[in-house]
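Please treat every number below as a calculation from the coordinates, not as lab data. Treat the numbers as computed from the prediction; the structure is a model and nothing was measured. Note that each Cβ is placed from the backbone with ideal geometry, even for glycine, and that neighbours are counted across all protein chains shown.
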Amino acid sequence: MLATPRRVHPDDDRYKALIGSMRSCRWSASYPDVGTRTAIRKKGSGAVKNHAGARLQRFEVGRRHSLEVINIFDKDAHLIDTVPELSRARRFAARKRVVATRRAG
């Protein structure tokens with residue numbers, strides 16, 4: 001939900017122009033879109049958010065592309081000061097606020 005790198009297949013004509021472009025979100029830093037063969041062209045849209053903490057494969061993609069590892073939670077799942085507007089919010093409450101803000105435009 002917060003800005004994350006996107007993985008795209010380097011041979012996918014729909015998205016290969018995105019490789020290296022930067023994306024940003026009002027709550028976090030900018031991230032590049034990366035080209036990797038782990039993005040399956042024929043599955044879904046062909047462009048995949050790379051949540052590096054979700055799976056080992058995604059973590060490895062981030063490491064190979066020198067993506068910064070950013071922790072946004074403390075040990076009790078409260079948001080830390082990485083996202084000042086949501087600081088100390090519990091993860092589900094923060095999610096609701098992010099969704100509401102994005103829907104509002």
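Where does helix 91-104 land angle-wise versus the long Cα axis of the chain, in degrees 0 to 90, nearest 10? Tilt relative to the chain: about 70 degrees. Extension gain, ASP74 to ALA47: 0.36 nm times the residue separation minus the Cα-Cα distance gives 6.8 nm. Taking amide H as placed 1.01 Å from N in the peptide plane, ARG23 has its amide H under 5 Å from the amide H of TYR31, ASP33, each at least 5 places away in sequence or on another chain.
In terms of surrounding Cβ atoms within a 10 Å radius of their Cβ, LEU56, LEU86 rank from fewest to most as LEU56, LEU86. Net charge around PHE59, counting only other residues with Cβ within less than 14 Å of its Cβ (Lys, Arg = +1; Asp, Glu = -1)? Counting the neighbours of PHE59, the net charge comes to +4.
Which value in Å does the Kirkwood hydrodynamic radius of the chain take, with 1/r averaged over all unlike C-alpha pairs and then inverted? Don't skip to the answer; put the middle values down first.
Values: mean 1/r = 0.0675 Å⁻¹.
Computed over the chain, the radius equals 14.8 Å.
Put in line by how crowded their Cβ is, counting other Cβ atoms within 10 Å and starting with the fewest, ARG14, ARG7 read ARG14, ARG7. A DSSP coil position with no more than 16 other Cβ atoms inside 10 Å describes the following trypsin sites (Lys or Arg not before Pro) in the stretch 43-96: LYS43, ARG55, LYS75, ARG88. Per-residue ellipticity at 222 nm computed for the chain from its helices equals -6500 deg cm²/dmol, with DSSP H segments shorter than 4 residues left out and the rest contributing -39,500 (n - 2.57). Once the other residues with Cβ under 14 Å from the Cβ of ASP13 are scored (Lys, Arg +1; Asp, Glu -1), what is the net sum? Charge balance in the 14 Å sphere: +2.
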